[in-house]
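The values are calculated or read from the model by the stated rules, or taken from the named source; none is laboratory data. Predicted, not measured: the structure shown is a model, and the values here were computed from it. Here the Cβ positions follow ideal geometry from the backbone for every residue, glycine too, while neighbour counts run over all protein chains shown. Please note that ligands, DNA and RNA were not included when accessible areas were found on the heavy atoms of the full protein model with its side chains. Shrake-Rupley method; radii C 1.70, N 1.55, O 1.52, S 1.80 Å.
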Amino acid sequence: MSYLSICSVNVNGLNDKKKRLSIFSWMTAKQFDIILLQETHCSNISDSKVWSKDWEGLSYWSNFKSASQGVAIFFKKAFNSTVENVNYDEKYKGRLISADIISPEEKRYKITCIYAPNQGNDRRQFIKYLESMLVINDQPSHIIGGDFNCTLNYKLDRRSVHHVISHDDIGSRELHNVISSADLEDIWRRRHPNEMCYTFS
């Protein structure tokens, strides 16, 4: 696996079948190897089984008891690596899921999809928990994606509608600690050190 294409999207609900099929069609057309989805709003196992039938590849879901939250990891139909050790976190159902990937060349990757809470104090506790869960010493590559609901650099990553720099995000400090302690890197920011670009407005 010399090249791995990964996409992360907050879908804000997949309950509507027309919307779900449209998103899945877009994902298929883009030919991503792995897609990380947040806010699937899938509330039970039976729904995820039905929704999975609309996708031709493998998919793994972490659901929440009500129609909110929810994370999932999707693999394209032609994905030629082995998926194992899928972890559906019990403490944060619908917010954290991970899987180990073994390529045909026997290279190992860990993929983690997260959806951090909207509320600041809850988000801070979640990110601290995430840090405690990241045991990556035996993983050559650990790829984490999702919606953190906070930014690493509020001067570059966030602005108000009036183009005024907003205040620091609750959870940002904890997220920096995760990156430092787990030896992670924001690859997009490394490649675009000074660019102001937003995934949502």
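Filtering segment 89-137 to residues that are aromatic (F, W, Y) and farther than 14 Å from Q69 by Cα leaves Y109, Y129.
Among the residues of segment 166-185, not a single one is polar (S, T, N, Q), part of a loop (DSSP other than H, G, I, E, B), open to solvent by 70 Å² or more (accessible area, probe 1.4 Å) and modelled with pLDDT of 90 or more. Do we have K65 as open to solvent by 30 Å² or more (accessible area, probe 1.4 Å) and at pLDDT 95 or above here? Against the criterion (open to solvent by 30 Å² or more (accessible area, probe 1.4 Å) and at pLDDT 95 or above), K65 does not qualify.
Please specify each residue of segment 43-78 satisfying the condition of being among the hydrophobic types (A, V, I, L, M, F, W, C) and free of Cβ contacts under 8 Å to residues at least 40 places away in the same chain. Walk me through it before giving the result.
Narrowing segment 43-78 to residues among the hydrophobic types (A, V, I, L, M, F, W, C): 45, 50-51, 55, 58, 61, 64, 67, 71-75, 78.
Listed by number, the residues that qualify are I45, V50, W51, W55, L58, W61, F64, A78.
Take I34 and tell me if it is crowded, with 19+ Cβ neighbours inside 10 Å and within 11 Å of C113 (Cβ to Cβ). Working first, answer last.
Numbers: crowded, with 19+ Cβ neighbours inside 10 Å: yes; within 11 Å of C113 (Cβ to Cβ): yes.
Taking the combined requirement at face value, the residue satisfies it.
Return yes or no: is W51 open to solvent by 30 Å² or more (accessible area, probe 1.4 Å) and among the aromatic types (F, W, Y)?
Numbers: open to solvent by 30 Å² or more (accessible area, probe 1.4 Å): no; among the aromatic types (F, W, Y): yes.
Considered against the rule, which asks whether it is open to solvent by 30 Å² or more (accessible area, probe 1.4 Å) and among the aromatic types (F, W, Y), W51 comes out as no.
Within segment 79-92, if we keep just the residues that are out of contact with any strand residue (DSSP E or B) (no Cβ under 6 Å at 6 or more places or on another chain) and touching a residue at least 12 places away in the same chain (Cβ under 8 Å), the residue that is most open to solvent (accessible area, probe 1.4 Å) turns out to be K91.
Within segment 37-48, if we keep just the residues that are open to solvent by 20 Å² or more (accessible area, probe 1.4 Å) and of a type in the set (S, T, Y), the residue that is farthest from L14 (Cα to Cα) turns out to be S46.
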